[in-house]
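The values are calculated or read from the model by the stated rules, or taken from the named source; none is laboratory data. Computed from a predicted structure; not experimentally measured. No Cβ is skipped: glycine too gets one built from the backbone with ideal geometry, and neighbour counts run over all protein chains shown. Each accessible area value is taken on the protein alone, full model and side chains, heavy atoms only, with ligands, DNA and RNA left out. Shrake-Rupley method; radii C 1.70, N 1.55, O 1.52, S 1.80 Å.
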Amino acid sequence: MTKLGIALVLIAPLAQAADIDAGKAKAASVCAACHGANGVSVSDTIPNLAAQRAGYIEAQLKAFKEGLRRAQTPTSPAATMSAIAAQLGADDMANVAAYFASLPGAERGAKSAQLANVAKTHVAFPEGYKESFVRYHTINFPGAKQVRQYYANKPALQAAKEGRPIPDGTVILVEVHAAKLDASNTPVAGADGFYVPEKLVGYTAMATGKDWGKDFPEMLRNGEWNYAVFTPDKQHRPGVNQAECLGCHKPLDKESYLFTLKQLAAASR
Ligand code: HEC
Ligand code: HEC
């Protein structure tokens, strides 16, 4: 055998072929919630992956994980994908890339149905929250010309105060308001610096209950939190994909999955 021949024999076992079946299993449990089990995504804001080139998929996953492709703001969609890629090893990336690349491309306009486990939420609208909840925070959103007001119930405040994990029965509710605009379409701020709310456009909510997280895959699960979005008349907004909420809040596992835990703790003192 030539020297080159020996070198090839030694190197060959390192360059293992991707495992399409393993990729398929990971895709079915995690990626499917957004990209569809067959790589045809569930919404217009999520790209199809079916028939995409394996090298490209792998490179994007790596870029998300390493921060080369990252969110412009904490609420842009890439934040969710970075949180997911952070949980994938090099083998996982190669396997899911090989799996999606092996699929036939999507029909024009095709969309996958939402997975039942992420479509279903236990969160009910907390009637009477104005009386029993504490308003603990406010944020202006200049881009959206909105002001959001954050409310929490007693168990949330008590746990934040004591630095304990959030118990079952916790509810966080956010009122989303369109801001009052001046003649040049700029939000008008009150004396406290916050935009003056003009019109309630809806609510976002998260709440915990016993075993509420058990139907989500570990890569998306936020403890026992479930999420919901409500219309101004307190009805569930249809079509909410909890996978998106879970995916973006997932990296905050040390903060009880709350972006505003600090403010919650401060308000409870
Ligand atoms: C919670 C929803 C969600 C889940 C789950 C999810 N993704 Fe994504 N993915 C997105 C969104 C949203 C984008 C678009 C990100 C952006 O705008 O930069 C995206 C983008 C991507 C891209 C880039 C595609 C392109 O055209 O550039 C790849 C590759 C990808 N996802 C792979 C995966 C894989 C593999 C999994 C499973 C391990 C997965 N995603 C799970 C929501 C999700
Ligand atoms: C791409 C990232 C991202 C996604 C997706 C996302 N959130 Fe959030 N969420 C945030 C950020 C950042 C904050 C803190 C400031 C704010 O309100 O935007 C937040 C705050 C919240 C809060 C207030 C409690 C807290 O964590 O501070 C609630 C309630 C909430 N989100 C609900 C939802 C729901 C419901 C969904 C899904 C429909 C969702 N979020 C999807 C990023 C995200």
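Apolar share of the accessible surface for the chain: 56 percent from carbon plus sulfur atoms, 1.4 Å probe.
Here segment 119-267 is assigned +1 on the Cβ of each Lys and Arg and -1 on the Cβ of each Asp and Glu. Its dipole about the Cα centre then comes out at about 80 debye. Based on DSSP H segments of at least four residues, each scored -39500 (n - 2.57), the chain has a per-residue ellipticity at 222 nm of -8500 deg cm²/dmol.
Taking 7 Å steps out from each Cα toward its Cβ at Lys130 and Asn117 produces label points 4.0 nm apart. Taking a straight line from the alpha carbon of Lys62, these lysines sit under 21 Å away, with near neighbours fewer than eight places off in the same chain left out: Lys24, Lys26, Lys250. A Förster radius of 35 Å combined with the Cβ-Cβ distance from Ala63 to Arg269 puts the calculated FRET efficiency at roughly 0.25. Among the trypsin sites (Lys or Arg not before Pro) in segment 20-84, those placed in a DSSP loop whose Cβ has at most 11 other Cβ atoms within 10 Å are Arg53.
Applying 1/(1 + (r/R0)^6) with r as the Cβ-Cβ distance of Ile139 and Ala17 and R0 = 45 angstrom yields a FRET efficiency of 0.40. With the highest mean first, a sort of the peptides 145-151, 127-133, 42-48 on other beta-carbon atoms found within 10 angstrom per residue produces 145-151, 42-48, 127-133. Against the criterion of solvent-accessible heavy-atom surface with a 1.4 angstrom probe, Lys250, Lys214 sort, most first, into Lys214, Lys250. In segment 85-141, the convex hull through the Cα atoms has an average projected area of 8.9 nm², a quarter of its surface area.
Which values of log₁₀ I(q)/I(0), to two decimal places, follow from the Debye formula for segment 15-113 at q = 0.19, 0.20, 0.21 Å⁻¹ with a uniform point scatterer at every Cα? Summing over Cα pairs of segment 15-113 leads to -0.89, -0.98, -1.08.
Counting Lys and Arg as +1 and Asp and Glu as -1 over every other residue whose Cβ lies under 14 Å from the Cβ of Gln158, the net charge comes to +2.
Summarising the overall dimensions of segment 119-267 from its C-alpha atoms, the Rg and Dmax are 15.7, 50 angstrom. Just to confirm my numbers, what's the Cα centroid distance between segment 134-155 and segment 205-269 in Å? The distance from the Cα centre of segment 134-155 to that of segment 205-269 comes to 15 Å. Under the convention that each Lys and Arg Cβ holds +1 and each Asp and Glu Cβ holds -1, the size of the dipole of the chain around its Cα centre is about 320 debye.
Could you compute the net charge surrounding Thr208? Neighbours are other residues with a C-beta less than 11 Å from the C-beta of Thr208; K and R count +1, D and E count -1. Summing Lys and Arg as +1 and Asp and Glu as -1 gives -2. Percent of C-alpha pairs per 5 Å bin in the chain, short distances first: 1, 6, 10, 14, 15, 14, 12, 9, 7, 5, 2, 1, 1, 1, 1, 0, 0.
Give me the number: length gained by fully extending Ala25 to Val201, i.e. 0.36 nm times residue separation minus the C-alpha to C-alpha distance, one decimal in nm.
Gain in length upon complete extension: 59.4 nm.
Using a probe radius of 1.4 Å on heavy atoms only, what accessible surface per residue do you get for segment 133-269? Whole Å² is fine.
49 Å²
The modelled label-to-label distance for the pair Ala90/Arg164, using points 7 Å beyond Cα in the direction of Cβ, is 4.5 nm. Probing with 1.4 Å while keeping every protein chain in the model, the per residue accessible area of segment 15-113 equals 56 Å².
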